[in-house]
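The next block holds one structure in the form of structure tokens; read it before the comments.
The values are calculated or read from the model by the stated rules, or taken from the named source; none is laboratory data. All figures in this text were calculated on a predicted structure; none of them were measured in a lab. Every residue, glycine among them, receives a Cβ derived from its backbone with ideal geometry; neighbour counts consider all protein chains shown. We work out accessible area using only protein heavy atoms, side chains counted, and drop any ligands, DNA or RNA first. Shrake-Rupley method; radii C 1.70, N 1.55, O 1.52, S 1.80 Å.
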Amino acid sequence: MDHQDIIVCITDDLGIRVWLERALQDAWRLECVGNADLSRVVNLVEATRARLAIVAIDENAPERSLRTIEAVHRAHPSLVVITVARRLNQEYLLRSMRAGARDCLLADSDAEELRAQVNDLLYREQVSPESRQRDALPHNLTLVAPADPTVDTRFLTQNLAFALNRDNPDQRILAIDTAAEGRNVFYLEVNNRFTLKNFLANANAADETLIETALEEYREGLRLLGGQLDDSDLGGDRNADLFIVISQLMHLFDHIVVNVDPAVADHWIGAVGPHTSTLVMTLHPIVYQAHRARRQIERWRSSLGTACRQVLVADGADGKVSPTLTQLEETIGIEALGALPLDWNNRLLTINAGIPLHRLPRKNAYARQFEHLLKRFNGPQNHTGEPSTTRGTGLLQRLRLA
């Protein structure tokens, strides 16, 4: 066995961690992480390219351990996952196997026997990096998040979903509105009574049959899902449930776009950040929002996967007034897709009529800029541009201040 091979140990039990380190450290490099932060667990597996993970069953909170097993297995189906417990319980042994574990070890057992079991599992389950890549979740999840609650990401996300549906008629698109209320999803009325809360009530419920029966197509190829959640629905162990649900939906749709309510943004990033393909940070071109956006990006960066594209949209912009898009790029440190004008009359028309932007009977500045933004959204990733210093010297100084 190569001494560089890494095993990820997921446990909050210091005794089990010390036992595993003593038993395995000479043969494998052991990287340990707590069970509470799902994004750290998934990112550690990804970063270390580990082929085996050991999840300790917490006797005081066995459900959390089972969720972790299932979440890690869904995130990396080729990863060998085994459990370790102080006492073997037949019920949880069976449930851990159903969740994706390949074997169960008894804590404090003979170290030589433990090494032999781990060695056997690793050699029995030879997995190449290429096959791990093929088994990975689809790269098809876009999160649209505001730098400030005053930014209307519902309108942007709604029109992004319609544009994806229009430009990809053979694909299945799902748009989730985490600020939905009642029958309104985004600025549209829908007949679906089924919401994201219903999925979370049974994290394994999402399948093709449920999608066809519970989520009526708003337009051919486009389905809308109300996703309003409160604190009791998220955080801690519930983030694992959210990840499990979204990972199932990622396999059922070609693209998922989510309007992320700022009140629950940290929970969403913590739960699905490692497998987000694109994060769209949206703000008004206001100095304090630029600083808020930068702080959010810095706070979330460790929870986002290395392949996540982070982009910026300036909404309600006026090209004649600073800060410019280039100045915002420099301040926040991510690529800018473009700027959208306020164009309040046309926004009101589409919102109140309940129609997508591109179906307006007349051309307008917002629609033209949105189409330009879409080309950059669908195109190759661009690097931050050179900073502009043509105007607004005092404002530039404010932008650079933390």
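Below are the figures for this structure:
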{"quantity": "Test: SER247 is free of Cβ contacts under 8 Å to residues at least 24 places away in the same chain, closer than 23 Å to LEU66 by Cβ and not β-branched (Val, Ile, Thr)", "calculated": "no"}
{"quantity": "Residue selected from the range 233-276 under the condition among the polar types (S, T, N, Q) and open to solvent by less than 10 Å² (accessible area, probe 1.4 Å), by the criterion modelled with the highest pLDDT", "calculated": "ASN259"}
{"quantity": "Where a residue in the range 102-125 is within 13 Å of TRP19 (Cβ to Cβ) and open to solvent by 30 Å² or more (accessible area, probe 1.4 Å) and its partner, wherever it lies, is part of a helix (DSSP H, G or I) and of a type in the set (Phe, Trp, Tyr), with Cβ under 7 Å and at least six apart", "calculated": "ASP108/TRP19"}
{"quantity": "Given (1) within 19 Å of the chain's Cα centre (by Cα); (2) assigned to a helix (DSSP H, G or I); (3) surrounded by fewer than 19 Cβ atoms within 10 Å (Cβ to Cβ); (4) among the hydroxyl-bearing types (Ser, Thr, Tyr), number of the condition THR306 does not satisfy", "calculated": "(2)"}
{"quantity": "Filter pass, ALA293 being crowded, with 21+ Cβ neighbours inside 10 Å and either without any contact (Cβ under 8 Å) to a residue 60 or more places away in the chain or not hydroxyl-bearing (Ser, Thr, Tyr) (or both)", "calculated": "yes"}
{"quantity": "Hits in the range 297-324 (condition: of a type in the set (S, T, N, Q) and over 22 Å from ARG154 (Cβ atoms))", "calculated": "SER302, SER303, THR306, SER322, THR324"}
{"quantity": "Residue in the range 170-202 that is farthest from VAL264 (Cα to Cα), counting only those that are of a type in the set (Ser, Thr, Tyr) and either part of a loop (DSSP other than H, G, I, E, B) or open to solvent by 60 Å² or more (accessible area, probe 1.4 Å) (or both)", "calculated": "TYR187"}
{"quantity": "Residue match in the range 65-85 (condition: modelled with pLDDT under 80 and either farther than 20 Å from PRO274 by Cα or surrounded by fewer than 19 Cβ atoms within 10 Å (Cβ to Cβ) (or both))", "calculated": "no"}
{"quantity": "Single condition ARG49 does not satisfy, out of (1) out of contact with any helix residue (DSSP H, G or I) (no Cβ under 9 Å at 6 or more places or on another chain); (2) at positive phi", "calculated": "(1)"}
{"quantity": "Matching option when the condition is closer than 15 Å to ILE82 by Cβ and within 25 Å of the chain's Cα centre (by Cα), among THR48, THR11", "calculated": "THR11"}
{"quantity": "Subset tally (residues that are of a type in the set (A, V, I, L, M, F, W, C) and either open to solvent by 40 Å² or more (accessible area, probe 1.4 Å) or within 17 Å of GLY100 (Cβ to Cβ) (or both)) for the range 1-43", "calculated": "11"}
{"quantity": "Of all residues in the range 353-370 being part of a helix (DSSP H, G or I) and without any contact (Cβ under 8 Å) to a residue 40 or more places away in the chain, the one that is least open to solvent (accessible area, probe 1.4 Å)", "calculated": "TYR366"}
{"quantity": "Residues of the range 320-347 satisfying the condition of being open to solvent by less than 60 Å² (accessible area, probe 1.4 Å) and either without any contact (Cβ under 8 Å) to a residue 12 or more places away in the chain or β-branched (Val, Ile, Thr) (or both)", "calculated": "THR324, THR326, THR331, ILE332, ILE334"}
